[in-house]
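Undergrad: I'd like to ask some things about the structure below.
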Amino acid sequence: MTTNNSQALEQLFTNNRTWAESMVSKDADFFKRLVSQQAPEYLWIGCSDSRVPANDIVNLLPGELFVHRNVANVVVHTDLNCLSVIQFAIDLLKVKHILVVGHYGCSGVHAALADKRVGLADNWLRHVKDVHQKHERYLGELLPTAKRQDRLCELNVIEQVVNVCETTIVQDAWSRGQELTVHGWAYGLDTGLVNDLGMSCSSIEEMTERYAKSTKRYESEHN
């Protein structure tokens with residue numbers, strides 16, 4: 001390991017010690033409580049982008065938010081990693097809300113929209129391209145590029161909410177009467193604010209209704 005790399009890592013250890021000391025100075029029992037308790041009401045499914053820190057955005061402490069992240073916040077029915085997180089959150093932690101959160105300015109969404117090759121991740125972003133093709137009428141070339149990118153970000157979130165709702169895990173939870181709602185949000189890097197996309201679903205029937213309403217609003221905006 002080079003000297004520069006060693007110094008960079010040592011800075012992380014220094015940052016860690018500073019952070020831990022600051023937490024204890026604010027609350028002497030903070031870590032004691034953290035060890036003995038994890039009872040989050042929320043599962044966050046978001047993008048891996050380093051500019052989108054889940055806990056900070058909603059101002060929740062460690063232990064209050066269960067988190068799964070991947071490139072472009074995609075939920076795939078063959079992704080056992082994501083499905084395992086959802087199952088653990090619902091069946092063991094008994095979360096009441098699943099938050100599917102995209103963000104404007106997402107590099108993965110932009111690459112999918114522009115058909116830009118990035119490498120192995122192209123295979124993963126194929127799912128976002130599928131969303132693009134499905135909703136191509138809302139993403140016409142006449143729209144400014146920035147608006148097309150933002151709209152695909154939103155449409156991708158909407159489709160991922162549907163994917164979450166259609167998992168056997170969520171459907172089984174609803175069948176047994178477990179309290180659970182799936183939500184679709186988009187986060188603005190430039191404002192720090194979350195935009196509710198109107199995709200809060202507590203049943204398959206509600207999902208169908210919300211999906212129709214959420215996509216219909218683009219009908220009047222696609223020209």
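Yes/no per residue for (1) charged (D, E, K, R); (2) over 15 Å from the mean Cα position of the chain (by Cα):
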| residue | (1), (2) |
| --- | --- |
| Glu41 | yes, yes |
| Val67 | no, no |
| Leu99 | no, no |
| Leu113 | no, yes |
| Val118 | no, yes |
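Undergrad: While we're on this one: Which of the numbered conditions does Gly108 fail, given that it passes all the others? Conditions: (1) assigned to a helix (DSSP H, G or I); (2) over 28 Å from Thr191 (Cα atoms).
TA: In the conditions (1) assigned to a helix (DSSP H, G or I); (2) over 28 Å from Thr191 (Cα atoms), Gly108 misses (2) alone.
Undergrad: Output yes when any residue across the stretch 102-117 is open to solvent by less than 40 Å² (accessible area, probe 1.4 Å) and closer than 30 Å to Asp172 by Cα, and no when none is. Break it down into steps so the answer makes sense when it comes.
TA: Keep residues of the stretch 102-117 that are open to solvent by less than 40 Å² (accessible area, probe 1.4 Å), which gives 102-103, 105-106, 108-109, 111-113.
Subsequent filtering for residues that are closer than 30 Å to Asp172 by Cα retains 102-103.
Yes, because at least one residue in the stretch 102-117 is open to solvent by less than 40 Å² (accessible area, probe 1.4 Å) and closer than 30 Å to Asp172 by Cα.
Undergrad: Ok, one more. Report the residue count in the stretch 32-64 for those that are more than 23 Å from Asp91 (Cα to Cα), part of a helix (DSSP H, G or I) and at pLDDT 90 or above.
TA: 2
Undergrad: Same structure, new question: Would you list the helices (runs of 4 or more DSSP H) that sit entirely within the stretch 123-223 and hold 3 or more residues that are hydrophobic (A, V, I, L, M, F, W, C), surrounded by 16 or more Cβ atoms within 10 Å (Cβ to Cβ) and in contact (Cβ under 8 Å) with a residue 24 or more places away in the chain? Quick ask: steps written out before the conclusion?
TA: Working: elements: 145-165, 168-175, 204-216.
By residue number, 145-165, 168-175.
Undergrad: Output the number of the condition that Trp19 fails; it satisfies all remaining conditions of (1) hydrophobic (A, V, I, L, M, F, W, C); (2) open to solvent by 30 Å² or more (accessible area, probe 1.4 Å); (3) in a helix (DSSP H, G or I); (4) in contact (Cβ under 8 Å) with a residue 12 or more places away in the chain.
TA: The single condition Trp19 does not satisfy is (4).
Undergrad: While we're on this one: Among the residues that make up the stretch 70-85, is at least one of them crowded, with 16+ Cβ neighbours inside 10 Å, without any contact (Cβ under 8 Å) to a residue 12 or more places away in the chain and more than 17 Å from Trp185 (Cβ to Cβ)?
TA: Yes - at least one qualifying residue is present in the stretch 70-85.
The values are calculated or read from the model by the stated rules, or taken from the named source; none is laboratory data. Note that the coordinates shown come from a computational prediction; the quantities given were computed from them, not determined experimentally. Every residue, glycine as well, gets a Cβ built from its backbone with ideal geometry; the counts of neighbours run over all protein chains shown. When the accessible area is computed, the model is the full protein with side chains, heavy atoms only, and any ligands, DNA or RNA have been set aside. Shrake-Rupley method; radii C 1.70, N 1.55, O 1.52, S 1.80 Å.
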